[in-house]
Amino acid sequence: MAPSSQNGVSRFHYHPEYYLEDGNVTFHVEDTLFRVHRHFFEAESQFFAKEFAKAPPGQEGTSDSTAFRLHQVTIADFAKFLWVWYSPSYRRERKPKDHWLTVLELSTLWQFPEMKKLAVDELQNLDIEPIEKITTYDRYHIDKSLLLPAYKLLCKRASRMSAEEGEQLRMPTVLGIHEARERAVRSAAEGGCLSPTSADADDEELERILIDVFNLKGHATNRQGARPEVKSDPVPLIKTPKPGVNGATNGNGSSASGSSTQNDTNKQKDADKNKGTAYREGKDE
């Protein structure tokens, strides 16, 4: 990225949507100028933060004559990229696959991690052929665990992978799909299927096979997002008092009738003691 020359500025066109009056940085893409807000680029991208920092004084892209020239991007693609920030109807307007593939490519090239994450989230909601999805995610180093549904489709379809499809995929992926299909056939045969194919394997078993073959350790087995059950601390045991003869209880487990008998005995001893004292006093008189 380099500032544009002042010569020939009059030949440039202003982009109809993204040449903003209150913008504070200008980009030169092909023959068109974009004037947008520097904050988005500086705050979210290490690439642009470094490019802005090393720009010579007076050539920081603050005017048309010092616009930063962007290579490896077309006018249409840069507009798609800016749309994510500037479209007021972003969450209500569905964009096709090609739009998000463009956002994915540029966010990877220019090191916009949050923008890349957004593009992946949107692509996950779209119907993409498994071969294209696998090659795309491999190219941009996206989490392989997100490819589990695509791997399953390749394993469950009746036909094997064609030579053309194999050329699009990396060799480890081709070998992995082949191994998973073979293991799925064996699993179906062990389950009692007489003429098994990989499509006959149980879905959960096929997922376990693919997770093992492609080492998808990040794939949670609980796909509903529920947290694993946590065992609570054991409830302290409380000794329940044993019932006495009359149904009453006490904390020591002895019967209430036994306690009553002991009390009566003590009272009787006190009474006898008092009687003896009174008898001796009467005799002395």
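Go through GLU60, GLU51, GLU42 for me and flag whichever is within 29 Å of the chain's Cα centre (by Cα) and either modelled with pLDDT under 95 or not hydrophobic (A, V, I, L, M, F, W, C) (or both).
On the way: GLU60 fails: within 29 Å of the chain's Cα centre (by Cα); GLU51 fails: within 29 Å of the chain's Cα centre (by Cα).
On inspection, the qualifying residue turns out to be GLU42.
Residue by residue through segment 99-131, note down the ones that are polar (S, T, N, Q) and touching a helix residue (DSSP H, G or I) at 6+ places or on another chain (Cβ under 9 Å).
Within segment 99-131, THR102, SER107, THR108, GLN111, GLN124 qualify.
Name the residues in segment 119-146 that are in contact (Cβ under 8 Å) with a residue 40 or more places away in the chain and assigned to a helix (DSSP H, G or I), would you?
LYS144, SER145
Go through the residues of segment 82-103 one by one and say whether even a single one is surrounded by 19 or more Cβ atoms within 10 Å (Cβ to Cβ), basic (Lys, Arg) and under 26 Å from THR32 (Cα atoms).
Looking for residues that are surrounded by 19 or more Cβ atoms within 10 Å (Cβ to Cβ), basic (Lys, Arg) and under 26 Å from THR32 (Cα atoms), one finds none in segment 82-103, hence no.
Examine segment 42-65 for a residue that is touching an Asp or Glu at 6+ places or on another chain (Cβ under 8 Å) and in a strand (DSSP E or B), and state whether such a residue exists.
Within segment 42-65, not a single residue is touching an Asp or Glu at 6+ places or on another chain (Cβ under 8 Å) and in a strand (DSSP E or B).
Has segment 105-115 got at least one residue that is polar (S, T, N, Q), assigned to a helix (DSSP H, G or I) and crowded, with 16+ Cβ neighbours inside 10 Å?
yes
Scan segment 156-174 for residues that are loosely packed, with under 14 Cβ neighbours inside 10 Å, part of a loop (DSSP other than H, G, I, E, B) and over 28 Å from the mean Cα position of the chain (by Cα) and jot them down.
Step one: of segment 156-174, the residues loosely packed, with under 14 Cβ neighbours inside 10 Å are 158-160, 162-164, 167, 170-172.
Adding the requirement that they be part of a loop (DSSP other than H, G, I, E, B) leaves 158-160, 162, 170.
Selection gives ALA158, SER159, ARG160, SER162.
Within segment 61-68, is even one residue of a type in the set (Val, Ile, Thr), under 28 Å from HIS141 (Cβ atoms) and touching a strand residue (DSSP E or B) at 6+ places or on another chain (Cβ under 6 Å)?
no
Residues ILE211, ILE177: which one is assigned to a helix (DSSP H, G or I) and under 30 Å from PHE112 (Cα atoms)?
On inspection, the qualifying residue turns out to be ILE211.
Take segment 50-89 and flag every residue that is among the acidic types (Asp, Glu) and under 17 Å from HIS15 (Cβ atoms).
Within segment 50-89, ASP64, ASP77 qualify.
Out of all the residues in segment 128-164, which are more than 29 Å from LEU118 (Cβ to Cβ) and either touching a Cys at 6+ places or on another chain (Cβ under 8 Å) or among the acidic types (Asp, Glu) (or both)?
Scanning segment 128-164 gives a single hit, GLU164.
May I ask you to verify whether ASP77 is acidic (Asp, Glu) and either surrounded by 13 or more Cβ atoms within 10 Å (Cβ to Cβ) or in contact (Cβ under 8 Å) with a residue 24 or more places away in the chain (or both)? Quick ask: steps written out before the conclusion?
Values: acidic (Asp, Glu): yes; either surrounded by 13 or more Cβ atoms within 10 Å (Cβ to Cβ) or in contact (Cβ under 8 Å) with a residue 24 or more places away in the chain (or both): yes.
Against the criterion (acidic (Asp, Glu) and either surrounded by 13 or more Cβ atoms within 10 Å (Cβ to Cβ) or in contact (Cβ under 8 Å) with a residue 24 or more places away in the chain (or both)), ASP77 qualifies.
Scan segment 91-100 and tell me whether some residue there is within 29 Å of GLN59 (Cα to Cα) and touching a residue at least 12 places away in the same chain (Cβ under 8 Å).
Within segment 91-100, none of the residues are within 29 Å of GLN59 (Cα to Cα) and touching a residue at least 12 places away in the same chain (Cβ under 8 Å).
The values are calculated or read from the model by the stated rules, or taken from the named source; none is laboratory data. These numbers were taken from a predicted model, which means no experiment stands behind them. Ideal geometry is used to build each Cβ from the backbone, glycine not excepted, and the neighbour counts take in all protein chains shown.
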